[in-house]
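Following: one structure in structure tokens, then a few remarks.
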Ligand code: SAM
């Protein structure tokens, strides 16, 4: 009999697990990690692939159907492809997606396709080479853009481009970024900046997505796209007749906590029910101490049950852990 025991106290069914496979990254995005060296987790502290697969298998037996592989930068972890291949063969998963900064993507496209990955999310906060270098600490815009176009040419679909919307930092590019959807089937998604304690950003870069949308609509109308069952938290729009979509993900101004179906597995083997709450449940210690599947399932179920109703930034009073790179954005 099919069971879905991953349900919280507020009757939310949790079927989506975001898995951070590494805390390492080849970029230093201003809003994500501090520019000074942050202590990296040792290899021993990071879950091995077979451990991640075991945890995912247990999650699937409890009702997880959707997985996103993230990081850090997932493509910097050695031997990611054989891991992904095993993942795509797991029965019970209906959706496997990858979030990447795109720097190493071009060389991975063929094997990713062969491994059965179709859905890509690529972070892209600027279309200007110099600004991209400033925001990420690395002059790799051309490589990332070439990878995006190559992925499109190879039939990856959907290709979602994630833009963190930041006042006085990239707000003069919103039109150009959204305009990509007029000629290509990309989904350009504006994500509200989350103040996660990063010291690199001057002033207050937060902009609500209502403001982003108003700015876009000063030039041209955006039509709502009818919602479908698989929609995540993005509010979806399109320019009339355009092949692509413009989306808005608004964790602060229109938080989606009441419909949140996500759990996270950190690179260090902790189950984290909410990105923006520091509460975590240790899986790696019992797993390495020989816990049975039933014992690990019990931790999963308890972690899911105790998922907070709303996240720290709106619930207030909590300092949110800034290690986005090991939690996985
Ligand atoms: N390295 C991959 C990448 O760049 O897409 C995956 C990890 S990254 C942490 C995942 C996502 O988190 C990116 O789209 C990034 O823009 C977003 N992110 C990180 N810090 C953020 C913040 N303070 N506010 C909003 N989004 C953030």
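Structure data summary
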read-out	value
Matching option when the condition is modelled with pLDDT of 95 or more, within 15 Å of the ligand (Cβ to nearest atom) and within 30 Å of residue 141 (Cβ to Cβ), among 34, 74	74
Tally, over region 31-55, of residues that are in contact (Cβ under 8 Å) with a residue 60 or more places away in the chain and in a helix (DSSP H, G or I)	5
Selection count where residues are under 19 Å from residue 95 (Cβ atoms), within 14 Å of the ligand (Cβ to nearest atom) and modelled with pLDDT of 95 or more, scope region 109-141	3
Pairs, first in contact (Cβ under 8 Å) with a residue 40 or more places away in the chain and on the phi > 0 side of the Ramachandran plot in region 86-103, second part of a strand (DSSP E or B) and within 16 Å of the ligand (Cβ to nearest atom), C-beta under 8 Å, six or more apart	102/122; 102/123
Scan of region 172-184 for residues that are under 16 Å from residue 123 (Cα atoms) and surrounded by fewer than 22 Cβ atoms within 10 Å (Cβ to Cβ), ordered by number	173, 174, 176, 180
Within region 10-30, tally of residues that are closer than 29 Å to residue 59 by Cα, in contact with a strand residue (DSSP E or B) (Cβ under 8 Å, 6 or more places away or on another chain), in a loop (DSSP other than H, G, I, E, B) and within 11 Å of the ligand (Cβ to nearest atom)	1
Verdict on residue 72 being touching a strand residue (DSSP E or B) at 6+ places or on another chain (Cβ under 9 Å), buried (at least 18 other Cβ atoms within 10 Å of the Cβ) and on the phi > 0 side of the Ramachandran plot	yes
Verdict on residue 325 being on the phi < 0 side of the Ramachandran plot, at pLDDT below 90, within 14 Å of the ligand (Cβ to nearest atom) and out of contact with any helix residue (DSSP H, G or I) (no Cβ under 7 Å at 6 or more places or on another chain)	yes
Considering residues of region 170-199 that are within 16 Å of the ligand (Cβ to nearest atom) and free of Cβ contacts under 8 Å to residues at least 60 places away in the same chain only, the residue nearest to residue 235 (Cα to Cα)	190
Residue list for region 219-231, restricted to those being touching a residue at least 12 places away in the same chain (Cβ under 8 Å) and closer than 19 Å to residue 157 by Cβ	225, 230
Pair list, Cβ < 8 Å and 6+ apart or interchain, from region 112-134 residues that are closer than 13 Å to residue 169 by Cβ and without any contact (Cβ under 8 Å) to a residue 12 or more places away in the chain to residues that are within 16 Å of the ligand (Cβ to nearest atom) and assigned to a helix (DSSP H, G or I)	none
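The values are calculated or read from the model by the stated rules, or taken from the named source; none is laboratory data. Nothing here was measured: the structure is a model prediction, and the numbers come from that model. Cβ: placed from backbone, ideal geometry, glycine included. Neighbour counts: every protein chain shown.
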